[in-house]
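K.L.:
My structure is below; once you've seen it, I'll send some questions.
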Amino acid sequence: EEKLNKDELKALYLKSGLPLKRFFNTSGNLYKEKHLKDILPTLSEEEQLELLSTNGMLVKRPILETKDKVLVGFKEDQYKELL
């Protein structure tokens, strides 16, 4: 329930091996209001992480971290395979 800070987000991102864009809640109102679809490609990785850390509504959920993996968003088949 607590929002993740920049260092926590960066660690999850690096561990996941996923593109950083996958951590953004692209279907959320805030993402759309800020026109992030157009803005994100112009931002550095650090700027994107800073943006994610400033507002929890921008972060895609759930994020599941295990010893070896990080899953972002809910995909039932991935959860079944992992758990």
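The values are calculated or read from the model by the stated rules, or taken from the named source; none is laboratory data. All of these numbers come straight from a predicted model, not from anything done at the bench. Reconstructed Cβ throughout: ideal geometry from the backbone, glycine too, with neighbour counts over all protein chains shown.
K.L.:
If I ask for residues that are surrounded by 14 or more Cβ atoms within 10 Å (Cβ to Cβ) and not charged (D, E, K, R), which ones from the stretch 56-72 would you list? Steps first, answer last, please.
P.N.:
Within the stretch 56-72, the first condition is being surrounded by 14 or more Cβ atoms within 10 Å (Cβ to Cβ), and the residues that meet it are 56, 58-60, 63-65, 70-72.
Within the stretch 56-72, G56, L58, V59, I63, L64, V70, L71, V72 meet the criteria.
K.L.:
With respect to L52, is the statement that it is at pLDDT 95 or above, surrounded by 13 or more Cβ atoms within 10 Å (Cβ to Cβ) and in contact with a Ser or Thr (Cβ under 9 Å, 6 or more places away or on another chain) true? Spell out how you get there, then give the answer.
P.N.:
Numbers: at pLDDT 95 or above: yes; surrounded by 13 or more Cβ atoms within 10 Å (Cβ to Cβ): yes; in contact with a Ser or Thr (Cβ under 9 Å, 6 or more places away or on another chain): no.
So L52 fails the test.
K.L.:
Still on this structure, I have one more. Only residues that are of a type in the set (K, R) and either in a helix (DSSP H, G or I) or farther than 14 Å from R22 by Cα (or both): list them for the stretch 47-77, please.
P.N.:
Here is the first cut: in the stretch 47-77, the residues of a type in the set (K, R) are 60-61, 67, 69, 75.
Result: K67, K69.
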